[in-house]
Every structure is written in C-alpha cells, then in structure tokens.
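The values are calculated or read from the model by the stated rules, or taken from the named source; none is laboratory data. Worth saying up front: this structure is predicted, and the values here are computed from it rather than measured. Positions of Cβ are backbone-derived with ideal geometry, glycine not excepted, and every protein chain shown enters the neighbour counts.
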Amino acid sequence: MKFKLDHTSQIPLHKQAEQLLRELIEREEYRNGKLIPNEVILSEQLQISRNTLRQAINKLVLEGLLIRKKGVGTKVAEKKIFSEANNWLSFSQEMKILNIKIFNFELHIKRQAASLDAKTFFNVETDCKLFRMERLRGKEDYPFVYFSSEFNPKIPFSGSEDFSRPLYEILENNFKVVVKTSKEEICAASASSFIAEKLEINQGDPILIRKRFVYDVNDVPVEFNIGWYRADSFTYKIECVREIKML
C-alpha cells in the first residue's frame, strides 16, 4: 500500500502525517492491535524525515490510539479496559464480565517484611513477615498490569494453593474468608525501570497505580493490593450522583 503527502500544501507535514495515521488505524486491517508500517519504510514513502513522522506518531501515542512496543514496533491500540468504582469486583471477575481472556505471565510467592502500607493496614510491626503474591497479568500478546498483594498474617496461606483459581474464591473456599469492601486509591506516575521492564514499556512512560485495601464481611483487613497498569490499556471510571433535596 502506497502513502503520500502533499508537499506543496500549507498544512505542516507532521499534521498531514498525523491525519494519514488517523485514517490508517480506522481501516479494518489495522484495527485492534496490528502493527503500522515500519517507521523507516513509511518515512521514505511519505518523503519526510523520521523525526517528522515520529512527531505525528507521538501525538497518537499520547492519545492512546497507538502503542509503542520495544523491539517490536508501533501498533494500533485495542479498546481500553474499563474498571468502574460503583461496584467493585476482583480482577478476574472484571475481566470475565468484559469477556477478556487473561494470561498469567509471572507468579511469585514469598514471605517477607511488610511494606509500609501493609504495616499500617494490618497494624503489624515492619519486620513482621507477610505472605506476598506478585503476578504479571495481561492479554495474550502483552502484559498490562503487575500486581503485588500482601495478606493478613492470620490467614494461613501455605503457598501450595492453586493460584490459577480466582483469589477471592481461594480465600472463601479454603479459609472461610469472605471479602466485602474495597477502599481504593488511584494515582498517575512514571514507570520505574522495574515496572517498565515488566510491562514492556519505556522507563518514565505513564502508568496508573491502583491501591486496594480489602476487608471481609466483619470489616477485618484481608488484603493490601497494589497494581501498576499500563496507562494506554486501562481507564478507571467513576460515577457520582448528586443528592438533591426537594423543596
């Protein structure tokens, strides 16, 4: 497929390239995850510098329409995953409702000293060793979230549990712990070198950090969970209803 720009137009070349890319990613063959043409080849076809082309690509990356993947190229972003605040669910439940098949890329289980947040949440000493589970999860072609969970030390995890099952199902069936409430904190941040490597993005790229403080039906703290999400793959929706007093 040949692409070209109007070099006699008063419209800047990077703007023309941006519009061309917008039209390109709407085509059926490029929707939902397909790589766009190589930068070198595309810049040669358009007769513009790679810097000019990158200016256009960067604009669409910032809008979440394109995704850069190290060592692979630039591809069209799939529809973002949405999570809502009005009825919280486990990650597995959320993905099941959205009909998204989730892959587990890494699973790490260990006991180690409580993090500062977990220490406060569970009211334990810093040197108290908690059961910690870390998981790298995502779609078939790339991971989009890294989770770390620490648990109340009174829950007798052995480490031999079948963690391919949903976590809250394990808690309920194995330990009679029924979770009910989640208090959450969401913030934006730049990816550290560790998280960037896990999520296959560049260090400093934008991510969303989501903390969950989970309680059981008796308001006893159960789990402190923190998730680092690729910002180009996850959106958190909040619906607020204003209370109106009738006169």
Quiz item: Got at least one residue in the stretch 212-224 being closer than 15 Å to ARG137 by Cα, at pLDDT 90 or above, among the aliphatic types (A, V, I, L, M) and touching a strand residue (DSSP E or B) at 6+ places or on another chain (Cβ under 7 Å)?
Solution: no
Quiz item: Restricting the search to the stretch 114-151, which residues are buried (at least 20 other Cβ atoms within 10 Å of the Cβ) and among the small types (Gly, Ala, Ser)?
Solution: ALA114, ALA118, GLY138, SER149
Quiz item: Does LYS154 satisfy the criteria of being assigned by TED's automatic domain parsing to the domain that holds SER115 and either crowded, with 18+ Cβ neighbours inside 10 Å or in contact (Cβ under 8 Å) with a residue 12 or more places away in the chain (or both)?
Solution: no
Self-check item: Pairs with Cβ under 8 Å, 6+ apart, first in the stretch 1-27 and under 15 Å from SER43 (Cα atoms) and assigned by TED's automatic domain parsing to the domain that holds LEU65, second charged (D, E, K, R) and surrounded by 14 or more Cβ atoms within 10 Å (Cβ to Cβ)
Solution: GLU18/LYS59
Practice problem: Taking LYS183 as meeting all but one of (1) in a strand (DSSP E or B); (2) more than 28 Å from ALA77 (Cβ to Cβ); (3) modelled with pLDDT of 90 or more, write down the number of the exception. | Solution: (3)
Self-check item: Subset of the stretch 194-225 [touching a residue at least 40 places away in the same chain (Cβ under 8 Å) and of a type in the set (A, V, I, L, M, F, W, C)]
Solution: ILE195, LEU199, ILE201, PHE213, VAL220, VAL222, PHE224
Practice problem: Output the residue which, of all residues in the stretch 4-20 that are in a loop (DSSP other than H, G, I, E, B) and among the hydrophobic types (A, V, I, L, M, F, W, C), is surrounded by the most Cβ atoms within 10 Å (Cβ to Cβ). | Solution: LEU5
Practice problem: Just need a number here: residues in the stretch 21-43 that are surrounded by 14 or more Cβ atoms within 10 Å (Cβ to Cβ) and more than 28 Å from the chain's Cα centre (by Cα). | Solution: 2
Exercise. Restricting attention to the stretch 138-153, report how many residues are touching a helix residue (DSSP H, G or I) at 6+ places or on another chain (Cβ under 9 Å) and either more than 23 Å from ASP205 (Cα to Cα) or part of a strand (DSSP E or B) (or both).
Key: 11
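This table checks each residue for (1) surrounded by 13 or more Cβ atoms within 10 Å (Cβ to Cβ); (2) in contact with a Cys (Cβ under 9 Å, 6 or more places away or on another chain); (3) at pLDDT 85 or above; (4) assigned by TED's automatic domain parsing to the domain that holds ASN152.
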residue: SER49; (1), (2), (3), (4): no, no, yes, no
residue: ILE57; (1), (2), (3), (4): yes, no, yes, no
residue: VAL72; (1), (2), (3), (4): no, no, no, no
residue: GLU94; (1), (2), (3), (4): yes, no, no, yes
residue: ASN99; (1), (2), (3), (4): no, no, no, yes
residue: PHE103; (1), (2), (3), (4): no, no, yes, yes
residue: GLN112; (1), (2), (3), (4): no, no, yes, yes
Self-check item: Long-range neighbours under 6 Å by Cβ, at least six apart or interchain, first residue within 18 Å of TYR215 (Cβ to Cβ) within the stretch 161-174, second among the acidic types (Asp, Glu) and not in a helix (DSSP H, G or I)
Solution: ILE170/GLU161
